[in-house]
Amino acid sequence: MVDNNESDEIKVFHLNLPATTEDISKLELGSAVYLTGVVYTAREGVYKKVLENGVPLPLDLRSISNVNFHCSPAAAPNDEGGYNVGAVTATASFRFSKWIPGWLERTGARILIGKGGMPAEDYKKILAPSGAIYLTTVGYGTGALLGRGIKRVRDVFWLDELGIAQAMWVFDVEKFGPFIVESDLQGNSLFAQHGEVINAGIEKLYAGLKPPALHRYGETDDRRHEVM
């Protein structure tokens with residue numbers, strides 16, 4: 001791992017995969033990370049097949065990669081019989097919370113990537129005890145930027161059955177990022193830390209408002225408990 005101190009405001013790390021515990025331990029909350037090696041995608045479709053239906057993993061993930069990206073790739077067949085990926089769109093990881101303990105145990109994943117983060121208690125009770133951390137994408141509109149870091153599709157599994165978004169894709173990546181370090185090996189969360197500051201005065205902002213009308217996933221009358 002290389003630490004490039006490219007500015008006074010943010011540290012930038014370049015991490016070779018599979019990531020070692022030593023390298024992961026050096027990452028700091030709020031720092032930027034670029035990845036080189038192999039990254040795979042797995043989300044609810046894959047989790048259900050493997051963890052709930054008992055379908056064997058199609059490859060030995062422990063020996064290939066320990067980075068699981070929650071995303072949907074913009075993939076299209078190419079003339080060589082493979083696929084080109086022009087962009088990847090991250091999806092909200094907190095939706096997969098119930099599957100994460102089993103997935104970490106089954107695969108040895110040590111880095112999860114997505115957007116929106118995980119429930120704060122998951123960092124302390126699930127990720128940290130497993131030696132895992134969470135990286136978040138940098139806002140919206142970065143899908144094409146991330147796509148530049150995907151050099152090759154090594155393989156794809158369950159594409160016909162699950163579709164492009166839910167299939168398991170295995171990518172060779174180089175300088176893949178940037179991602180922001182959202183949690184560390186102690187279970188600290190960047191989102192949670194900033195959420196505490198915001199929540200200290202949030203009641204005043206919502207004082208006098210009616211309860212939410214749409215009742216979307218995650219909504220609650222207590223805005224401090226809402227997963228954004």
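The values are calculated or read from the model by the stated rules, or taken from the named source; none is laboratory data. In this text, all values refer to a predicted model and were calculated from it rather than measured experimentally. Cβ: placed from backbone, ideal geometry, glycine included. Neighbour counts: every protein chain shown. Just so you know, the surface numbers come from the protein's heavy atoms only, side chains and all, with ligands and any DNA or RNA stripped out. Shrake-Rupley method; radii C 1.70, N 1.55, O 1.52, S 1.80 Å.
For Asn16, only one of the following conditions fails: (1) touching a strand residue (DSSP E or B) at 6+ places or on another chain (Cβ under 8 Å); (2) surrounded by 15 or more Cβ atoms within 10 Å (Cβ to Cβ). What is its number? Only one criterion in (1) touching a strand residue (DSSP E or B) at 6+ places or on another chain (Cβ under 8 Å); (2) surrounded by 15 or more Cβ atoms within 10 Å (Cβ to Cβ) is unmet by Asn16, namely (2).
The residues in region 116-135 that are touching a Gly at 6+ places or on another chain (Cβ under 7 Å) and open to solvent by 10 Å² or more (accessible area, probe 1.4 Å) can be counted, and the count is 2. For region 60-83, the set of residues classified as in a strand (DSSP E or B) and either crowded, with 16+ Cβ neighbours inside 10 Å or under 19 Å from the mean Cα position of the chain (by Cα) (or both) consists of Val67, Asn68, Phe69, Cys71, Ser72, Pro73, Ala74, Ala75, Tyr83, listed by residue number. Within region 136-160, the set of residues being aliphatic (A, V, I, L, M) and surrounded by fewer than 23 Cβ atoms within 10 Å (Cβ to Cβ) comprises Val138, Ala144, Leu145, Ile150, Val153, Val156, Leu159. For Tyr47, the conditions (1) open to solvent by less than 70 Å² (accessible area, probe 1.4 Å); (2) among the hydroxyl-bearing types (Ser, Thr, Tyr); (3) touching a strand residue (DSSP E or B) at 6+ places or on another chain (Cβ under 8 Å) all hold with the exception of (3). Checked against the criterion of being of a type outside the set (Gly, Ala, Ser), within 29 Å of Gly163 (Cβ to Cβ) and touching a residue at least 60 places away in the same chain (Cβ under 8 Å), the candidates Glu44, Glu80, Glu52, Glu105 yield just one match: Glu44. With the condition kept exactly as written, say whether any residue in region 165-173 is among the aromatic types (Phe, Trp, Tyr), assigned to a strand (DSSP E or B) and either modelled with pLDDT of 95 or more or closer than 30 Å to Glu105 by Cα (or both). Checked region 165-173: at least one residue is among the aromatic types (Phe, Trp, Tyr), assigned to a strand (DSSP E or B) and either modelled with pLDDT of 95 or more or closer than 30 Å to Glu105 by Cα (or both).
For region 86-97, a tally of residues being open to solvent by less than 20 Å² (accessible area, probe 1.4 Å) and part of a strand (DSSP E or B) returns 3. Every condition in (1) open to solvent by 30 Å² or more (accessible area, probe 1.4 Å); (2) within 30 Å of Pro73 (Cβ to Cβ); (3) at pLDDT 70 or above holds for Leu209 except the one numbered (2).
Considered as a group, the residues in region 114-129 that are aliphatic (A, V, I, L, M) and modelled with pLDDT under 95 include one that is nearest to the chain's Cα centre (by Cα), and that residue is Met118.
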